[in-house]
Structure formats: structure tokens, C-alpha cells
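Colleague: I have a structure I would like to understand better, so I am pasting it below and will then ask my questions one at a time.
Quick note: the coordinates plus some simple rules give every number you see, no bench work behind them. Computed from a predicted structure; not experimentally measured. Counting neighbours? That spans all protein chains shown, and the Cβs are built from the backbone with ideal geometry, glycine included.
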Amino acid sequence: MLEPTKKPHTEPTQVFLGVLCRPEMVSEVKALLTSKGCSIQQETPTTKEREWYTTEEVFPGFHAGHALRGARYREDVSQRQLAKLTGVSVQNISAMENGRRPIGKEVAKRLAAVLNVDWRQLLS
């Protein structure tokens, strides 16, 4: 059997991922990345270097309904089942998922309880 040809890595390495995590998770994240063959250079960005973006800036056209639909699919729950479990009509769930109706705080809490997500992810 032929042995695979080993080519030396000739391209320069590139930083492609910045990870921002809680201090207690640093060692776990480092271990995971190291186990995948990544080298780690830890830098703490200054406040001046950080730039924060809204969801809309990063994902144009994104609305809370996308999060609702994704959570519903993940839990394998139909709109009709979700309506029965939360007391929110199927029409309203559909309108929320399609961005035609905002998701309020109380409704988000009811939906989140069934879908096992943080209710704040569902706010419009």
C-alpha cells in the first residue's frame, strides 16, 4: 500500500478566531483548542480595541423569529404543539417566526420555558 505523501506546511499561519469567554472557562477553552492542534496566543483587548455590534449589523435581516423557529426545530415541536403548550395561537407563532409580530417579554418567557432557551433570546 502506498504511503500518503507528506507535504510540509508552506503557507503562513493565520489568526482566524478570537475567543471571548468567562475567566473560569479559559483553561477549558485552551485545552480544547490545543487538543485540536491550535497554538494559543492570549491577548486581552483593551476597551478601545473592542468593537461591539448589534445582531442586525452582523446578520442583516435577522429577527427574534429566527431564534424562535430555530429553537422550535431543535426541540422538534410543531407550531400547533407549541401553541397548545403555551396558550399562544398558531397564527401568532407564525407571525412571530416571520417577523410580522414582535415577541413580548411575557410571551417570550412562556415560549422559552417550553423550548428550553433563555427567554431573552426570543425578545424582538
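Colleague: For the pair Leu32/Glu57, report the inter-label distance in nm, with labels modelled 7 Å from Cα in the Cβ direction.
Modeller: 2.6
Colleague: Using the basic label-point model (7 angstrom from Cα toward the beta carbon), what is the Leu85 to Ile40 distance in nanometres?
Modeller: Calculated label separation equals 3.7 nm.
Colleague: As a test of the definition: which semi-axes, in Å, follow for region 62-122 when you take the square root of five times each eigenvalue of its alpha carbon gyration tensor? Largest first, please.
Modeller: For region 62-122, the semi-axes come out at 14, 13, 11 Å.
Colleague: Next up: For region 75-114, which trypsin sites (Lys or Arg not before Pro) are in a loop by DSSP, counting at most 14 other Cβ atoms within 10 Å?
Modeller: Arg100
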